[in-house]
Amino acid sequence: MYSFRQNCVKKLFFQALKASLKLPELKRPEEVNEINDPNYCLYHRCVSHPIEDCFVFKDWLER
Ligand SMILES: [Zn+2]
């Protein structure tokens, strides 16, 4: 369980981006603009899972 709500994850992501969050290296650069895909991960910048399900980012938030 996380200490923040699922529906806050996206908002927290943009806050984190302005602060100290560093995004991982692009694995699939061709998907970087697929932001309208419901499974686009803002953190990983590829189509895989929504940011709400991105456990890597959520673990980062928790720290
Ligand atoms: Zn992700």
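The values are calculated or read from the model by the stated rules, or taken from the named source; none is laboratory data. None of these values were measured; they are calculated from a predicted model. Please note: Cβ atoms are built from the backbone with ideal geometry, for glycine as well, and neighbour counts cover all protein chains shown. Just so you know, the surface numbers come from the protein's heavy atoms only, side chains and all, with ligands and any DNA or RNA stripped out. Shrake-Rupley method; radii C 1.70, N 1.55, O 1.52, S 1.80 Å.
Under a Cβ-only charge scheme (Lys and Arg +1, Asp and Glu -1), can you give me the dipole magnitude of the chain about the Cα centre, in debye to the nearest 20? Show your work: numbers first, answer last.
Details: 10 positive and 9 negative charges, 68 e Å.
My answer is approximately 320 debye.
Net charge around residue 8, counting only other residues with Cβ within less than 12 Å of its Cβ (Lys, Arg = +1; Asp, Glu = -1)?
+3
Note the angle between two axes, namely the Cα long axis of helix 9-18 and the longest principal axis of the Cα atoms of the chain, as a number of degrees from 0 to 90, rounded to the nearest 10.
80 degrees
What value, in deg cm²/dmol to 500, does the helix sum -39500 (n - 2.57) over DSSP H runs of n ≥ 4 give at 222 nm once divided by the residues of the chain?
-8000 deg cm²/dmol
Tell me the label-point distance for the pair residue 62, residue 22, using the 7 Å Cα-to-Cβ offset, in nm and rounded to one decimal.
With each label placed 7 Å out from Cα toward Cβ, I get 2.2 nm.
Per residue, what accessible area does the chain have, given a 1.4 Å probe and all protein chains present, in Å²?
It amounts to 74 Å² per residue over the chain.
Quick one: pull the percent of accessible area on the chain belonging to carbon and sulfur, 1.4 Å probe, ligands and nucleic acids left out.
Carbon and sulfur atoms account for 52 percent of the accessible area of the chain.
Treating each Cα of the stretch 6-62 as an identical point scatterer and ignoring solvent, apply the Debye formula and state log10 I(q)/I(0) at q = 0.17, 0.23 Å⁻¹.
At q = 0.17, 0.23 Å⁻¹ the computed log10 ratios are -0.49, -0.90.
In percent, how large is the relative contact order of the stretch 4-52, given Cα pairs closer than 8 Å and 6 or more residues apart? All intermediate terms of the calculation are to be shown ahead of the outcome.
Values: 52 pairs, mean separation 16.4, N = 49.
For the stretch 4-52, the relative contact order is 33 percent.
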